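Read through the structure below, which is laid out as structure tokens, and then see the notes.
Readers should treat all values here as calculations from the given coordinates under stated rules, not as data from a laboratory. In this text the structure is predicted, and so the values were computed from the model without any measurement.
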Amino acid sequence: MVDPLKARLEKLKRYSDSAKRRASLYSDIAKIDDKNASGSLGALQKAPAPGKKLQKIGFIMLWVPEPTGVTCAIGGPMIVAGRYLEKKYNSATIHDIGHETKNTFSALHDFKKSIM
């Protein structure tokens, strides 16, 4: 029979080890002095999304009530330009890549299961 306190202690040790590994990884990344490398690593975590921002601004401009209609004339092309930029620029992060990899493995597993 497993003692619940020992099990809890083991769980806390694992959390501690994980936190230490993560902290050492972050400190090693912080030691990188190259501006281009640190920028690339930052882009993996948070990718710029100019198309989505432009679309949001276009929708806001389109829905703002104005008597002259200038905002409607500007909002429509901004939405179209935002859609184009969204297709042109890849705003995927490392998180998105992980999800797509998981989905691919799941599809391959399902395919393999259906064959056998």
Take the alpha-carbon centre of the range 1-28, take the same for the range 62-88, and report the distance between them in whole Å. 51 Å
With the cut-off at 18 Å, tell me which of the pairs K52/K102; K53/K102; K56/K87; K56/K102 have Cα atoms farther apart than that. K52/K102; K53/K102; K56/K102
